[in-house]
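First comes the structure, then the notes that go with it.
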Protein chains: 2
Amino acid sequence: MDYFSDHISKLIGELEKLPGIGPKSASRLAFHIIDMPVEDVEALASSLTDARKNIKLCKTCFTITDEDECRICRSSHRDHSTIMVVETTRDLAAYEKTGKYNGVYHVLHGAISPMLGIGPGDIKLKELVARLKGDVKEVIIATNSSLEGETTAMYISKLIKPAGIKVSRIASGVPVGGDLECIDEVTLLRALEGRVEI
Amino acid sequence: MDYFSDHISKLIGELEKLPGIGPKSASRLAFHIIDMPVEDVEALASSLTDARKNIKLCKTCFTITDEDECRICRSSHRDHSTIMVVETTRDLAAYEKTGKYNGVYHVLHGAISPMLGIGPGDIKLKELVARLKGDVKEVIIATNSSLEGETTAMYISKLIKPAGIKVSRIASGVPVGGDLECIDEVTLLRALEGRVEI
């Protein structure tokens with residue numbers, strides 16, 4: 001693309017590497033960026049490198065944080081006897097946004113996937129088992145409702161149950177507001193299997 | 001969003017300011033960025049500031065370039081007697097991608113818009129008039145087919161014609177591959193008005 005400036009072509013190339021950004025979006029973003037005030041561009045650039053260089057994993061739940069231990073694990077207002085197991089920090093954030101869960105979390109940083117060669121040793125599972133030595137009453141498994149997520153849930157359940165700790169799995173079914181005719185058959189069957197008396 | 005690290009919240013905030021990037025995309029991008037190798041993040045960050053700080057406008061056609069005069073204006077293979085007038089460097093790039101236009105360009109950096117208070121003096125119009133003193137045979141007006149683009153085209157036409165230079169306007173009509181039933185009425189009428197004998 002030598003009809004642009006080299007600097008812009010390079011910027012477009014870098015932006016295109018990001019997920020969900022194609023050539024057209026990259027070009028639109030690049031031209032927006034060169035019209036932005038210099039200080040705003042510098043703020044964006046430094047937020048990129050700062051975030052990449054300064055993140056840590058919480059020593060307890062392994063979520064992404066700035067400190068040694070995250071705010072949720074340090075909070076005395078949270079119920080530390082209930083641990084919700086999630087695949088990623090984004091999943092943790094999704095439950096935190098509901099504002100209704102008062103327990104703590106454990107972030108696995110992945111799910112067991114024989115297809116991708118990810119075994120139990122590749123995710124934060126032994127770290128979860130180590131946490132169960134404390135006063136833990138319930139482990140809620142909130143891995144994704146995918147093949148990998150379900151495999152991981154089954155594996156954790158088998159691993160923990162012998163210790164006498166209650167293990168639960170978040171419900172699978174029709175999303176609230178979901179239109180039945182637009183929902184896949186597997187979800188419809190799950191919703192049927194998981195029906196509750198009203 | 002204090003369930004993420006401050007660095008990530010800040011990064012998400014910065015990314016959300018970009019056009020076409022909402023809260024979900026910003027979060028997805030931020031988590032992708034913290035998983036990227038440090039050197040890739042640094043390359044992205046420096047491409048942002050480099051592009052912003054080092055761009056210049058070509059002294060002849062006002063396109064965005066790294067040098068004083070752009071590659072197209074410096075080329076002896078291009079027909080310097082034909083000038084295509086476009087609103088932005090992106091429009092120039094769109095025509096360059098066709099590979100079939102051999103003339104040079106003039107980038108207005110906008111279009112006349114009484115609504116937005118952009119008058120003839122706010123775009124590179126007097127710079128276009130100054131170029132016409134040379135050996136120019138045709139000015140092709142390729143501003144957008146919007147109200148502003150059409151107003152600008154009319155204005156330029158009236159400005160230049162008295163000098164005896166041929167002024168043309170790119171055709172307006174049904175896009176190639178366009179489905180007639182999906183096309184707005186104004187475009188359909190333009191296509192009818194602009195019909196050519198076959």
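For the structure I just gave you, tell me whether B:Met154 is more than 13 Å from chain A (Cβ to nearest Cβ) and either without any contact (Cβ under 8 Å) to a residue 60 or more places away in the chain or surrounded by fewer than 14 Cβ atoms within 10 Å (Cβ to Cβ) (or both).
Yes.
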Taking the conditions exactly as written (in contact with a strand residue (DSSP E or B) (Cβ under 8 Å, 6 or more places away or on another chain) and open to solvent by 70 Å² or more (accessible area, probe 1.4 Å)), does A:Lys137 satisfy them or not?
yes
Within region A:43-61, of all residues that are open to solvent by less than 30 Å² (accessible area, probe 1.4 Å) and within 27 Å of A:Ser146 (Cα to Cα), the one nearest to the other protein chains (Cβ to nearest Cβ) is A:Cys58
Please verify whether A:Asp40 is part of a helix (DSSP H, G or I), at the interface with another protein chain (Cβ under 8 Å from one of its Cβ atoms) and under 30 Å from B:Gly110 (Cα atoms), treating the condition exactly as stated.
yes
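So which strands (runs of 3 or more DSSP E) are wholly in region B:103-195 and hold at least 2 residues that are more than 16 Å from the chain's Cα centre (by Cα)?
On the way: elements: B:103-107, B:138-141, B:166-169.
Answer list for region B:103-195: B:138-141, B:166-169.
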If you go through region B:73-81 one residue at a time, do you hit one that is at negative phi, open to solvent by less than 70 Å² (accessible area, probe 1.4 Å) and either at the interface with another protein chain (Cβ under 7 Å from one of its Cβ atoms) or of a type in the set (Phe, Trp, Tyr) (or both)?
no
A careful count of residues in region B:82-92 that are open to solvent by 20 Å² or more (accessible area, probe 1.4 Å) and either aliphatic (A, V, I, L, M) or facing chain A (nearest Cβ under 8 Å) (or both) gives 2
Considering residues that are in contact (Cβ under 8 Å) with a residue 60 or more places away in the chain and not hydrophobic (A, V, I, L, M, F, W, C), the number found within region B:51-72 is 1
When region B:1-31 is checked residue by residue, the ones that are more than 7 Å from chain A (Cβ to nearest Cβ), in a helix (DSSP H, G or I) and crowded, with 16+ Cβ neighbours inside 10 Å are B:Ser9, B:Ile12, B:Gly13, B:Leu15, B:Glu16, B:Ala26
Would a scan of region B:93-107 turn up a residue that is among the basic types (Lys, Arg) and either open to solvent by less than 70 Å² (accessible area, probe 1.4 Å) or outside the structural domain of B:Thr187 (by TED's automatic domain parsing) (or both)?
no
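The values are calculated or read from the model by the stated rules, or taken from the named source; none is laboratory data. Please read these numbers as outputs of a predicted model, since none were measured by experiment. Because the Cβ atoms are built from the backbone with ideal geometry, glycine has one as well, and the counts that use them run over all protein chains shown. In case anyone asks, the SASA skips ligands and DNA or RNA and just uses the protein heavy atoms, side chains included. Shrake-Rupley method; radii C 1.70, N 1.55, O 1.52, S 1.80 Å.
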